[in-house]
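Working notes, beginning with the structure itself.
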C-alpha cells in the first residue's frame, strides 16, 4: 500500500502493509512528500512533518490516528523528548496508543526523529 501524499519509500520496503485487520506503517522521517526534501528545523517541526506523513498513509488505508494501537518513536537526542511529545500529543486521540520511545545513535539522513505505527481496523 502506498500514497503520493507521503514520501516514497527510500529503499526496498513499503509505506505500509496490511496483515489481517492490522496495518503496519513503516517508519517515517520528516520528508516533504511534495519536494522529497527534508524538513529543516527543530524537533517540533520535524515531528509535525513525520506525523503528517503517517496521517496521510493511514488515510490512504481508510484509517486515522484513532485506529493506531502502537507507536515507536526513535529520537536522535532523548533530551528533545518534551518538545517532540508536545507535538505528538496534538495528533493522538484520547486515550493515546501504547508507545515506546528510544534514543538511537543515528537515523536515516541524520534526521532528529522517526516514528512507525501499527493500526487495527
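The values are calculated or read from the model by the stated rules, or taken from the named source; none is laboratory data. Owing to the predicted nature of the structure, the values given are computational and were not obtained by experimental measurement. Here Cβ is always computed from backbone atoms with ideal geometry, including for glycine, and neighbour counts include all displayed protein chains.
List the residue pairs whose Cβ atoms are under 9 Å apart, where the first residue sits in segment 95-119 and is without any contact (Cβ under 8 Å) to a residue 12 or more places away in the chain and at negative phi, the second is part of a helix (DSSP H, G or I) and surrounded by 11 or more Cβ atoms within 10 Å (Cβ to Cβ), and the two are 6 or more positions apart or on different chains.
Qualifying pairs under 9 Å: 96/65; 96/88.
Please go through segment 1-41 and pick out each residue that is touching a strand residue (DSSP E or B) at 6+ places or on another chain (Cβ under 6 Å), surrounded by fewer than 13 Cβ atoms within 10 Å (Cβ to Cβ) and either modelled with pLDDT of 95 or more or outside any loop (DSSP other than H, G, I, E, B) (or both).
Scanning segment 1-41 gives 17, 21.
If only one of 90, 70, 106 is surrounded by 13 or more Cβ atoms within 10 Å (Cβ to Cβ) and at pLDDT 95 or above, which one is it?
Numbers: 90 fails: surrounded by 13 or more Cβ atoms within 10 Å (Cβ to Cβ); 106 fails: surrounded by 13 or more Cβ atoms within 10 Å (Cβ to Cβ).
The unique qualifying residue is 70.
Can you pull out every residue in segment 46-64 that is out of contact with any strand residue (DSSP E or B) (no Cβ under 8 Å at 6 or more places or on another chain) and over 24 Å from residue 36 (Cβ atoms)?
62, 64
Out of curiosity, is residue 44 modelled with pLDDT of 95 or more, closer than 13 Å to residue 119 by Cβ and either part of a helix (DSSP H, G or I) or under 13 Å from the mean Cα position of the chain (by Cα) (or both)?
Working: modelled with pLDDT of 95 or more: yes; closer than 13 Å to residue 119 by Cβ: no; either part of a helix (DSSP H, G or I) or under 13 Å from the mean Cα position of the chain (by Cα) (or both): yes.
So residue 44 fails the test.
Only one residue in 54, 78 is buried (at least 17 other Cβ atoms within 10 Å of the Cβ) and either within 13 Å of the chain's Cα centre (by Cα) or at negative phi (or both). Which one?
On the way: 78 fails: buried (at least 17 other Cβ atoms within 10 Å of the Cβ).
Residue meeting the stated conditions: 54.
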